[in-house]
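Derivation of every value follows stated rules applied to the coordinates shown; laboratory data play no part. The shown structure was predicted, so the numbers you read here are calculated from the model rather than taken from an experiment. Neighbour counts are summed over all protein chains in view; Cβ atoms, including those assigned to glycine, are modelled from backbone coordinates with ideal geometry.
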Amino acid sequence: MQKVLGRIQAQVLRSRATNALVNVVRHEATAAKPAATSKEFRERQVRFNIKNEQTEGRPLYLDARATTPMDPQSAVEKAREQVATLIGADPKEIIFTSGATESNNIAVKGVARFYGTKKRHVITTQTEHKCVLDSCRALENEGFKVTYLPVLANGLIDLQQLEETITTETSLVSIMTVNNEIGVRQPVDEIGKLCRSRRVFFHTDAAQAVGKIPLDVNAMNIDLMSISGHKIYGPKGVGALYVRRRPRVRLEPIQSGGGQERGLRSGTVPAPLAVGLGAAAELSLREMDYDKNWVDFLSNRLLDRISSALPHVIRNGDAKATYNGCLNLSFAYVEGESLLMALKDVALSSGSACTSASLEPSYVLRAIGTDEDLAHSSIRFGIGRFTTVEEVDYTADKCIKHVERLREMSPLWEMVQEGIDLKTIQWSQH
């Protein structure tokens with residue numbers, strides 16, 4: 001009886017093994033030619049070389065412990081090319097990351113730490129994204145000197161002041177291309193030219209600029225650039241970091257592991273997300289002119305409609321050196337959070353989405369000299385590729401309606417209507 005059971009079990013195991021092998025061969029490889037090979041099938045065949053022997057199809061996949069069966073490499077490399085083309089870079093200079101926050105951390109900390117034995121000075125601005133400012137504070141805790149440049153009332157930096165701040169100890173200048181709160185566009189081409197002449201690396205956080213305005217890392221002398229996927233209609237959770245190869249920029253990785261992405265960002269590249277980022281980059285390049293004209297039209301329409309109906313509306317940031325898709329307005333004598341609650345059916349923010357958990361007035365608005373009460377009354381309008389005229393008109397009309405309503409409830413507005421200058425009043429504290 002046991003012998004019979006043993007023979008049956010052996011047959012079952014052999015059958016399972018055979019089926020498993022067949023499944024592996026069919027699913028993981030196409031080395032064996034099918035009975036009917038159409039011209040289209042033959043054209044799609046992959047040829048690989050093993051010891052000078054050309055073979056059609058793909059090799060068997062027996063590396064399931066590294067990753068489950070996929071063939072993403074060609075798609076990932078295509079995505080790398082698409083991102084590189086968008087900014088005028090070489091595909092080998094593109095490093096995939098989880099987003100612009102990680103890219104900024106790698107760039108700022110990586111350059112400073114690698115050259116830290118000889119140069120201990122980093123320059124940035126007071127209006128940078130929070131992740132850049134926090135990275136700089138982390139460097140200060142490590143003994144680095146960081147200069148936070150102030151900006152002018154229009155949000156732009158003073159190039160003369162930047163030039164005077166650069167020393168022989170400076171390793172990196174990090175200044176964003178387009179501000180994420182007020183849309184101001186810094187003169188990155190002039191900054192890059194200055195940094196190159198002083199042999200200082202220039203990093204720019206271009207999350208709000210890539211795919212929206214023309215950028216060329218070589219023409220602008222940019223050494224490192226941070227890119228975000230979801231800012232150009234790509235997937236969330238993916239971004240990229242451009243790192244120049246000539247002249248070579250050296251980085252100390254902030255993440256240890258298997259040395260992927262030129263050893264600068266260890267960890268498996270999320271192939272589907274990278275492919276999505278590449279597709280979004282290609283589409284952004286193709287549609288850039290149309291998107292710009294459409295966004296400019298809608299932004300001007302929104303601003304004209306609101307400012308013509310409401311007095312005491314202030315546009316924050318320079319009106320010319322700007323990306324119009326980011327429009328930041330302050331409504332005097334209105335609390336910004338109250339206005340947001342009134343406009344609850346419209347997705348808006350009273351500052352950067354990355355600092356939305358804080359009720360403190362925007363540090364960007366404070367940096368350009370905005371009074372605290374006006375900083376509290378600011379609303380950021382973000383206009384994009386899929387925004388419609390109807391949506392802009394609806395938002396403008398509803399904004400006008402609720403600003404007028406909230407001002408009627410404000411005693412300060414009543415005093416202003418009576419001609420009283422609020423700045424001359426000495427308020428008593430109770």
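Per-structure values
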{"item": "Alpha-carbon centroids, the stretch 232-274 and the stretch 143-203: separation in whole Å", "result": "24"}
{"item": "Rough spin-label spacing in nm, given labels placed 7 Å along Cα→Cβ, for residue 287 and residue 66", "result": "3.7"}
{"item": "For the stretch 289-424, size of Cβ-based charge dipole, Lys and Arg +1, Asp and Glu -1, in debye", "result": "260"}
{"item": "Lys pairs, the stretch 72-284 - Cα-Cα below 25 angstrom, 8 or more residues apart or on other chains", "result": "29"}
{"item": "The stretch 63-107 residues near the modelled residue 255 label - backbone nitrogen below 13 Å, point 7 Å along Cα→Cβ", "result": "95-107"}
{"item": "Low-density loop positions, trypsin sites (Lys or Arg not before Pro), the stretch 113-154 - DSSP coil, at most 13 other Cβ in 10 Å", "result": "118"}
{"item": "Distance between modelled label sites at residue 193 and residue 320, nm, 7 Å Cα→Cβ extension", "result": "1.7"}
{"item": "DSSP-loop trypsin sites (Lys or Arg not before Pro) across the stretch 257-354, with at most 10 other Cβ within 10 angstrom", "result": "320, 344"}
{"item": "Simple label model, 7 Å out from Cα along Cβ direction - residue 394 to residue 138, nm", "result": "4.1"}
{"item": "The stretch 289-424: relative contact order in percent, alpha carbon pairs under 8 Å with at least 6 residues between", "result": "33"}
